[in-house]
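A.B. asks: Take a look at the following structure, please.
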Amino acid sequence: NFAGMAPPSRRQRLAFGLIYFAYVAYYIGQKNYAFWLQALVDEEGWKKEHAGVFGSTFQITSGISKLFNGPVVDSMSPSIALAGSLAVISVTNGLMFQTSSTSMNFALWAINGAFQGVGWPALARIFIAWFPDPKTRGTWYSLLSTNQNVGSTLVPLLLPMCMSYGGWRAAVIIPAIVAGVYTLILFAFLQDKPASSNNNEDKSTKTKKKAKAPETSTPFSTTMIRLSLCGIAYLLISVIRQGVADWSTVALKEDKGFSREQSSFCLVALEVGAFFGGILGGIASDVLFGGRRAPVMCIFSGCAAPLVYLAFCVDLSQFGVDKTMVTAGLYAMIGFCTFAPHVLLGLFARELAPTFASTAGGFVKAIGQVGGAAAGAPLSMVVERYGWSMASYIWIACGLGTALCFLPLWKVSADNANKNKQ
């Protein structure tokens, strides 16, 4: 029992565990790419530009699929969508490199990318059904989001050991086996929602109609304005997260003279801070704000701006401190402050539009991916012309802009947003 929250029931814990490790299996089926990619170049003699097509193909199909997967998941059983997509991922990984046809292998990896995009919308829909109380679900959603960290950590621990015994093709065979076995577990044990939820929903709907007859629903236009603000916020926070994560090795070397090891240490600190920020952000939204997500996201993203300023615009050596340690500490706090909005935005979007939750989440995510793309080539052009100081000012502006997007949503909670749920 945490801060007055009732502990989850045994069935809730089972559902949570099933969907948690389902996404770990999803992640193993995509993060294996780095390991067999290296083998293609080193052992099979592929040119880097040819092998790199796999990555581009995956990103393109994954990005396109996210535009359509939300409505698809909203229209079918999410547990079947989750297990069925994982089955496809198992098959595509298992068939990879069983043929010498380059185009066939490209197609298999593209299919994998398309079905990877089904995982989170289906998982989130199941989660919201099993954890209906908005005053406690932020904590559990934040814990659920750590499955990405677990999956990313397991791949470099598991696959090299398997490849040392079974050769480089173990990098696709092992994920196929993991996904296939877990697919059977999901089909056997996972339910869309508690068996009693339909009766409870009918009773609660009748009660609300009697007690709150004069209350009107939230207009669809209001919901779309709120979702658009969330999308813009996701875009801006993605510019910071992706920009700092992708360019730090270069930026710290060119701007501060850091070695690769020093830069790597800072990036590890960034991820450690992100891990704890995601969890504590969800807890804060439940415990301190009663299920309201916007205040936490506003405060955290606003705090990211001065942290970026200190990390990139201030010469720390003039204070006689250990520059590496202080920069790593600032990176940890930047990760802490930027990952909480990243995690809570997906939940908040679904709470704003419960009748089309997966579609709402996909809409916000699609806008956010524009921010991730802007942190690539567009940012590099800015740096090329104006230097890293201008990039840091852009990140600062994005942090402040994100906070401003959440101000109009400060008092919005799942309770009053769900008035549009008939």
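The values are calculated or read from the model by the stated rules, or taken from the named source; none is laboratory data. Keep in mind the model is a prediction, meaning the values are calculated, not measured. Cβ atoms come from the backbone with ideal geometry, glycine included; neighbour counts cover every protein chain shown. Only protein heavy atoms, including side chains, enter the accessible area calculation; ligands, DNA and RNA are left aside. Shrake-Rupley method; radii C 1.70, N 1.55, O 1.52, S 1.80 Å.
A.B. asks: Within the chain, what whole-number % of the accessible surface is contributed by carbon and sulfur, with the 1.4 Å probe and all protein chains included in the calculation? Show your work: numbers first, answer last.
C.D. replies: On the way: 12370 of 19290 Å².
Of the solvent-accessible surface of the chain, carbon and sulfur hold 64 percent.
A.B. asks: Let me ask something else about it. Please get the size of the charge dipole for the chain, origin at its Cα centre, with Cβ charges of +1 on Lys and Arg and -1 on Asp and Glu, quoted in debye to the nearest 20. Can you show the working numbers first?
C.D. replies: On the way: 32 positive and 21 negative charges, 322 e Å.
Using Cβ point charges on Lys, Arg, Asp and Glu, the chain gives about 1540 debye.
A.B. asks: Something else now. Given a 1.4 angstrom probe, what's the average accessible area per residue across the chain, in square angstrom?
C.D. replies: On the way: 19290 Å² over 422 residues.
Ligands and nucleic acids excluded, the figure is 46 Å² per residue.
A.B. asks: Ok, one more. So which DSSP H runs in the chain come out at 30 Å plus along the axis (Cα) with average Kyte-Doolittle of at least 0.0?
C.D. replies: For the chain, where a helix must reach 30 Å along its axis and average at least 0.0, the hits are 10-31, 53-74, 220-256, 260-287, 323-352.
A.B. asks: Take every Cα pair under 8 Å in the chain that's 6+ residues apart, average their separations, divide by the length, and report that relative contact order as a whole percent. Don't jump to the answer; show the numbers that get you there.
C.D. replies: Details: 620 pairs, mean separation 98.6, N = 422.
It comes to 23 percent, rounded to a whole number.
A.B. asks: Roughly speaking, what is the centre-to-centre gap between segment 277-355 and segment 80-140 when only Cα atoms are used, to the nearest Å?
C.D. replies: Centre-to-centre distance over Cα atoms comes out at 28 Å.
A.B. asks: Holding the Cα-Cα limit at 22 Å, pick out from Lys256/Lys365; Lys31/Lys365; Lys253/Lys323; Lys31/Lys66 the pairs that are longer than that. Could the numbers behind the result be given before it?
C.D. replies: Details: Lys256/Lys365 34 Å; Lys31/Lys365 20 Å; Lys253/Lys323 13 Å; Lys31/Lys66 18 Å.
Where the Cα-Cα span goes over 22 Å, the pairs concerned are Lys256/Lys365.
A.B. asks: If you don't mind, another one. Normalising by the residue count of segment 38-128, find the relative contact order in percent from Cα pairs under 8 Å and 6+ residues apart.
C.D. replies: After rounding, I find 42 percent.
A.B. asks: Return the single residue from Lys31, Lys193, Lys47 with maximal mean-square fluctuation; model: Gaussian network over the chain, springs between Cα atoms under 10 Å.
C.D. replies: Looking only at Lys31, Lys193, Lys47, the largest GNM fluctuation is found for Lys47.
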